[in-house]
1. Say R0 is 22 Å: what FRET efficiency, to the nearest 0.05, do Ile525 and Glu452 get from their beta-carbon distance?
2. Any chance you could look up the accessible area of Ile442 with a 1.4 Å probe, heavy atoms only, rounded to 10 Å²?
3. Return the Cα extents of the range 27-78 along principal axes one, two and three, sorted largest first, each rounded to a whole Å.
4. Could I have the simple spin-label model distance between Ser634 and Thr122, label points 7 Å from Cα toward Cβ, reported in nm to one decimal?
5. About the Cα centre, and with charges only on the beta carbon of Lys, Arg (+1) and Asp, Glu (-1), how big is the dipole of the range 282-437? Nearest 20 debye, please.
6. Quick one: pull the percent of accessible area on the chain belonging to carbon and sulfur, 1.4 Å probe, ligands and nucleic acids left out.
7. Among rounded, prolate and oblate, which fits the range 385-517 when a ≥ b ≥ c are the square roots of the eigenvalues of its C-alpha gyration tensor, a/c under 1.5 means rounded, and a/b larger than b/c means prolate?
8. What lysines could a cross-link reach from Lys375, if we take a straight Cα to Cα line under 17 Å and drop same-chain neighbours fewer than 8 places away?
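The values are calculated or read from the model by the stated rules, or taken from the named source; none is laboratory data. All figures in this text were calculated on a predicted structure; none of them were measured in a lab. Cβ sites come from the backbone with ideal geometry, for glycine too, and all protein chains shown count toward neighbours. Please note that ligands, DNA and RNA were not included when accessible areas were found on the heavy atoms of the full protein model with its side chains. Shrake-Rupley method; radii C 1.70, N 1.55, O 1.52, S 1.80 Å.
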Amino acid sequence: MLRFCLRTTLFLAFAFCCFQCKTPLTDTFKFHAGDPFISSMVESQFFEINADSGQVIEGALGTRIVCPIGCFLDKNGKIIKGKIRIELAEALQNDAMVRSNLTTQSGGKPLETGGMLYWNVTSNGTQVAINPIIPVGIDIPTPYKQEDMQVYKGTRDPEGNMDWIDPQPIEKFITPVDIFTLDFLPKGFLAEVERSMPFGKYKTATKELADSLYYSLSVGVLPVESSEYTHTDLNEAYYNTQKKVVDGKYTDDSYDHGDKPKLQDLQSEGELKPEIDPAMIMAIYSEPFQNTLIATREFEKRLQTVFKTCSNKALEAYVNNLDQPLWQLDEMAAKAAEEKGEIESAEQFKKYAAQKLTRVKNGGERANLLKKYLKEQVSAIKKELAEKKQELRNALDKKNESARKVATEYKALLFKRETYRMETYGFEWSATGWLNVDKGIIPKDWDAKPLEILVDNSNEFDRVYTYVIYESINSLYRLNTDDNNRFYVGNEQDPRMLMPKKKTAAIISIGYKNDQIAMATSTIITGEDTKATLHLELSDKAKMKAVLNQYNNYGKENQIEQDLVFMEQLYVEKQRQITLQKEVDVMYRLYYIAFPCAMLREGSILFDTKCGICHNKNMCDKLTGPALYTARDSWKDDNGLYAFIRNSQKSIADGHPRAVEQWNTWKPTLMPSFEQLNSKDMAALLMYIGDHKCTNPIQIQ
């Protein structure tokens, strides 16, 4: 059945006496006590709502009653707050009308009906009236609609006879609701925020967070560049294959071990050009636009089509013409969409226009004022957002500077540690680095030997540090690691270092899990014991200190306690960078949801050039590789998926469950590595894939 709505802002006599002066309210009743049709009368439905907020109730047969804030008055003409009770009886079909003796006559003449209803509102048992300035709206579903239909007031006598009087034309106004009950975010935006938790200080998604993230896109997002961030995996420079000495000093990069920070920066503000300006959405989603076309479910529905046009002009057609009928605004939006080349959206706007919806009663009275207000407010919002962005930039710079200071201090300690050991071996520092001044006559008591330590339960801890202490020369060295499990001296290509010959050395491994501490110790003979396995046992600060105190006579640069202070600070910085990278990834995904035209354009290019050879572009069918429509959901964590796309073989080697599962399904086919893809590319690609709809989900892998 097609649903036509006979929407009225008149007051059905079945329901209320309305007034503008303090006349006594007459109680509304459904029937007299002796009505012979009481037992067969259509049953009433009851609803309790809060008058403090806009509410919409819907009857069992589809009648919808829209109750804006302030629409109910008490006997003194004051707006009612708190709970109210609504009674509704729907007689929309012939059998219900017959059983209730709802004859369709007016003054003895037959009427054609589109449906009948009874409704009444009370507050604490007292009759309530309707506010003539903020009326209630009623939708009655009917299989057809005639332009000359009218609303009649029904009267019922004690014998159950009906007469319909005081006909009034149906006012085709659109009924506003509380604007803050509407959703003005692009489709999928809130869902993506919920999926991306935690984010910043938020553990769970809130409307406040989703709104703020969307609005922030109006001025771009906080730039993040790898060059600004401190490398946190630092160690002595001598064994770094990439070390350089310039002007008699190691370069800063010489202390960097492992992968450098790969923070992917967002586009500059100049490149981020919003398709639909979030600042304008923020401006209209506000109290001044209550009781206008903007505060209607009809506009809420149209806004999703507006987003698809990627045209601010389509949005402006609505927000700048609040005094015109909605169907005319639909036509303007259709024209804007056509100019943008968004034909599908244009056709949808034309369908909206065909509904011939008009306007909100009194909703255009402030149209010119709101147009001026909107322009000023958008400018003010952009200014405020830019200021907040700069505040974040300043805070970020401050943290970056603090991290650089820590790294600089630690590099100085590392050089001092290296210098102590190298000079003990007889080396001298020169303008080009270390020189061995030994002429080879005296036998050396040191040599380059390998050393590798495995910590077999390191996966139980957040971070693990392993040290070798050369007790014969009071020297400390922290072993490198790529996986927190295997620790080695030197570097990955040549895991050897200069160490005393055949001397006792202590091995100390320390693990951290939240506030817990674990330790493992061992001793080796240098050059002979080249491998050892340790198992961390839970300990505490006092026990750890007791073990480390025996080396307190060493210079500070050779004390583990001093090293651990820096390890803690650098770990905190690394976690900050990881969190920041996640937030960058999230912001890119939100960016492409907010601006779908950019997503479709850039995502399509990326898919064709990177993925299309092996994956079907319909996303639903297998090709050389699996169908991709559910790829993101099947991975659960985006970090794992990003890592797999960039280097699938590494993810498999690292033992990621989904990566291993994919390999077992598709081997020996290898997925190429795409390490050049940054966060922006990843987001465009994944949002593009997710935008496709499958009609044959059985084939999805």
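1. According to the calculation, E is roughly 0.90.
2. Only protein atoms counted, so the area is about 120 Å².
3. Principal-axis extents of the range 27-78 (Cα, largest first): 39, 30, 13 Å.
4. Distance between label points: 6.1 nm.
5. Roughly 240 debye, rounded to the nearest 20.
6. For the chain, the apolar C and S fraction of the accessible surface comes to 52 percent.
7. Verdict is oblate for the range 385-517.
8. List returned: Lys313, Lys383.
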